[in-house]
Amino acid sequence: MENFEIPLANRVKIIVESKTLALNARVKKMQAEGHSIVNLTVGEPDFPTPDHVKAAIKKAVDDNRNKYTAVEGIIELRQAICAKFLRENELKYAPEQILVSTGGKQVLCNAMMATVEKGDEVIVPVPGWVSYADVVKLAEGTPIFVSCPEDKGFKLQPQDLEKAITPRTKWVIINSCNNPTGAKYSRSELRALCDVLLKHPHVMILTDDMYEHMSYDGQPFYTAAQIEPKLYGRTLVLNGVSKTYSMTGYRLGYGAGPLALIKAMLKVQSQSTTNATAVVQYGAIEALNGDQGFIKGRIQTYKARRDFMLEALNKVPGLRCAVPEGAFYLFINCKSFLSSKAPGGKTIGSDMDFVEYLIEQGVASVPGSSFGAEGYFRLSYATDDQSLKLAAERIAKACAALKPADVNAA
Ligand code: PLP
């Protein structure tokens, strides 16, 4: 066969594959080969999709809902989404302001493709979800990383936002509850960010509310457009059914925003994937309109798991983890191990080395550097108690075997 080098586009060369998904795939392969690894890499609920949602999807299959739908999603679903926004977020949208997409990730892609031009800047607070920066780069934009330090609860500070805004700023991304840190913005914290944004009328705001319901502090959830109606006309709200309704594999997310933006995003989607899977749209109607009672029980379970892991890992000399208010991740400081030596003599020079070492010891996680913060690792605790217990034991044992570890350096 002739050797042919595929001439890749620069836009592909400058992005990286999602680290979380890549690590997840690698660990699954190792598990299939017989290795005992607790996989805490990927952020997806271990709970099944609720029965009433599954029944709606099955019914849609039996009803032969096998045709293309409107690109933007069927009207009943968009009405259900409007009702959800009104009920839970005090936000009023018309169905025309809603675009249903193949997962929340496609909402982000559509928005960036529809609005970002070469040289445009998008403010990405870090630590932040792995996809923001690379999707911005795919759209030929420039991600501007703004550090949200641990001692500020991993939250974007108004003065840092102010400093990062330039005439080229197109978007700022706000993610609450945050992946990977679990940070949840209070009303007053969001208010302070809104005040900065009011001074810069050329900046659009993308609020990623995917983890809205995964909140453990007993406080209400707020989103920016709800707090400051003057920002409504330049805010895109991203949400979806993936996490709350355990539907990650079904791939359904949605965006709500100003009509002109949604229309442009729809145009992009109409030339890429067309509509989100028809039968899943019927399931999503049931998810949003149906009984919400089960969510509370699941949140209590997540909270108990969070508390268990926090207690277990904060007891490990050299590890430190602040209490995350939401999502289902722990973002753990492992800086004190960064110059230590593993039993075989290998130096742990980076958080990636630390994560590799933990994989060898039977626990898979994601390095903080892939979220823009070196010296941390992220664990997803959306898994069963037994696995979490085993993971905590293995991590404690693995850390104890690292030498010399200046446990007071973090
Ligand atoms: N936003 C955040 C913060 C996420 O962590 C994720 C998924 O991990 C998404 C959006 C995308 O969700 P979906 O699976 O619906 O594409």
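When the stretch 16-32 is limited to residues that are assigned to a loop (DSSP other than H, G, I, E, B) and exposed (fewer than 15 other Cβ atoms within 10 Å of the Cβ), the one that is modelled with the lowest pLDDT turns out to be GLU17.
Keeping to the stretch 272-291, report how many residues are under 12 Å from ILE57 (Cα atoms) and within 13 Å of the ligand (Cβ to nearest atom).
First, pick out the residues of the stretch 272-291 that are under 12 Å from ILE57 (Cα atoms): 277-287.
With within 13 Å of the ligand (Cβ to nearest atom) added as a condition, the list becomes 277, 280, 284, 287.
The total comes to 4.
The set of residues in the stretch 215-238 being in contact with a helix residue (DSSP H, G or I) (Cβ under 7 Å, 6 or more places away or on another chain) and within 16 Å of the ligand (Cβ to nearest atom) consists of THR223, ALA224, THR235, LEU236, VAL237, LEU238.
Is it the case that PRO45 is over 30 Å from LYS118 (Cα atoms), away from the ligand (no atom under 16 Å from the Cβ), in contact (Cβ under 8 Å) with a residue 60 or more places away in the chain and surrounded by 15 or more Cβ atoms within 10 Å (Cβ to Cβ)? It is false that PRO45 is over 30 Å from LYS118 (Cα atoms), away from the ligand (no atom under 16 Å from the Cβ), in contact (Cβ under 8 Å) with a residue 60 or more places away in the chain and surrounded by 15 or more Cβ atoms within 10 Å (Cβ to Cβ).
Scanning the stretch 304-351 for residues that are assigned to a helix (DSSP H, G or I) and crowded, with 17+ Cβ neighbours inside 10 Å turns up ARG305, ARG306, MET309, LEU310, ALA312, LEU313, LYS335, SER336, PHE337, ASP351.
Per-residue answers, yes or no, for (1) modelled with pLDDT under 95; (2) within 16 Å of the ligand (Cβ to nearest atom); (3) part of a strand (DSSP E or B):
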position	(1), (2), (3)
LYS155	no, yes, no
LEU161	no, no, no
THR166	no, no, no
ILE173	no, yes, yes
PRO180	no, yes, no
HIS213	no, yes, no
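What residue, among those in the stretch 215-243 that are outside any loop (DSSP other than H, G, I, E, B) and among the small types (Gly, Ala, Ser), is surrounded by the most Cβ atoms within 10 Å (Cβ to Cβ)?
Here is the first cut: in the stretch 215-243, the ones outside any loop (DSSP other than H, G, I, E, B) are 215, 224-227, 229-240.
Remaining after also requiring among the small types (Gly, Ala, Ser): 215, 224-225, 233, 240.
Details: SER215: 20, ALA224: 23, ALA225: 25, GLY233: 14, GLY240: 31.
Per the stated criteria, the residue is GLY240.
Any residue that is in contact with a helix residue (DSSP H, G or I) (Cβ under 6 Å, 6 or more places away or on another chain), within 16 Å of the ligand (Cβ to nearest atom) and free of Cβ contacts under 8 Å to residues at least 24 places away in the same chain - is there at least one of those in the stretch 138-147? If you could, list the steps in order and put the result at the bottom.
Of the stretch 138-147, the ones in contact with a helix residue (DSSP H, G or I) (Cβ under 6 Å, 6 or more places away or on another chain) are 138-139, 143-144, 146.
Now drop any that are not within 16 Å of the ligand (Cβ to nearest atom), which leaves 138, 143.
With the extra rule that they be free of Cβ contacts under 8 Å to residues at least 24 places away in the same chain, the set shrinks to 143.
Yes, there is a match, as at least one residue in the stretch 138-147 is in contact with a helix residue (DSSP H, G or I) (Cβ under 6 Å, 6 or more places away or on another chain), within 16 Å of the ligand (Cβ to nearest atom) and free of Cβ contacts under 8 Å to residues at least 24 places away in the same chain.
For the stretch 38-83, which positions are touching a Ser or Thr at 6+ places or on another chain (Cβ under 7 Å) and either among the polar types (S, T, N, Q) or under 30 Å from VAL27 (Cα atoms) (or both)? So that I can check it myself, show each step before the final result.
Going through the stretch 38-83, the residues touching a Ser or Thr at 6+ places or on another chain (Cβ under 7 Å) turn out to be 38, 40-49, 68, 71.
Correct list: VAL38, LEU40, THR41, VAL42, GLY43, GLU44, PRO45, ASP46, PHE47, PRO48, THR49.
Of everything in the stretch 244-271, what is outside any helix (DSSP H, G or I) and either free of Cβ contacts under 8 Å to residues at least 24 places away in the same chain or within 14 Å of the ligand (Cβ to nearest atom) (or both)? Give them in sequence order. Reasoning before the result, please.
Initial filter on the stretch 244-271 (outside any helix (DSSP H, G or I)): 244-247, 251-258, 271.
THR244, TYR245, SER246, MET247, ARG251, LEU252, GLY253, TYR254, GLY255, GLN271, listed by residue number.
For every residue, the table says whether it meets (1) charged (D, E, K, R); (2) touching a residue at least 24 places away in the same chain (Cβ under 8 Å).
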residue	(1), (2)
PHE328	no, yes
PHE331	no, yes
SER336	no, yes
ASP351	yes, yes
VAL366	no, yes
SER369	no, no
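The values are calculated or read from the model by the stated rules, or taken from the named source; none is laboratory data. Because the structure is a prediction, the values reported are computed rather than measured. Note that each Cβ is placed from the backbone with ideal geometry, even for glycine, and that neighbours are counted across all protein chains shown.
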